[in-house]
Amino acid sequence: MEEQASNSNPQGGPVNNPLFQQNLPNSNTILVLGILSIVFCWWHLVSFVGIVMGIITLVLSKREIAVYITAPQNYTISSLNNVKTGRTCAIIGLIISVVVFVLVTLFLIGLLATLPFWGMIR
């Protein structure tokens, strides 16, 4: 009887029992969005999509990590690893997307600024 009491949590369920653990609700979504933020970071206008996906992924991952911290015994470690991997991919994709977007925008502004000069050359 004493062993059973030490093996349960306050809600009455077993602690660290893999049969009762579930995945974090958005773990797969976070992983997919994180990977897509890297995929969409390489082209100018599409890099804006990578920026948006990266930000959404970071917000979702912050919320999922907070859910995991409140009750780690209820969720699998693999779903937490999916969240962490998706968050890492989102950070990488966000950084690359911002750099590509800024550099290509500056290049296009410079190109447009030199158009009158190119009209003078014949």
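Points to keep in mind about this one:
- Per this entry, ILE51 is counted among residues that are closer than 23 Å to PHE107 by Cα and in contact with a Leu (Cβ under 7 Å, 6 or more places away or on another chain).
- Filter result (within 15 Å of PHE48 (Cβ to Cβ) and either surrounded by fewer than 19 Cβ atoms within 10 Å (Cβ to Cβ) or acidic (Asp, Glu) (or both)) within the range 60-95: ILE95
- Yes/no for VAL39 being more than 11 Å from the chain's Cα centre (by Cα), surrounded by 15 or more Cβ atoms within 10 Å (Cβ to Cβ), at pLDDT below 95 and within 26 Å of VAL100 (Cβ to Cβ): no
- Helices (runs of 4 or more DSSP H) completely within the range 40-122 that count 1 or more residues being closer than 28 Å to LEU24 by Cα: 44-70, 77-113
The values are calculated or read from the model by the stated rules, or taken from the named source; none is laboratory data. Fair warning: this is a prediction, and the values are worked out from it, not measured in the lab. Here Cβ is always computed from backbone atoms with ideal geometry, including for glycine, and neighbour counts include all displayed protein chains.
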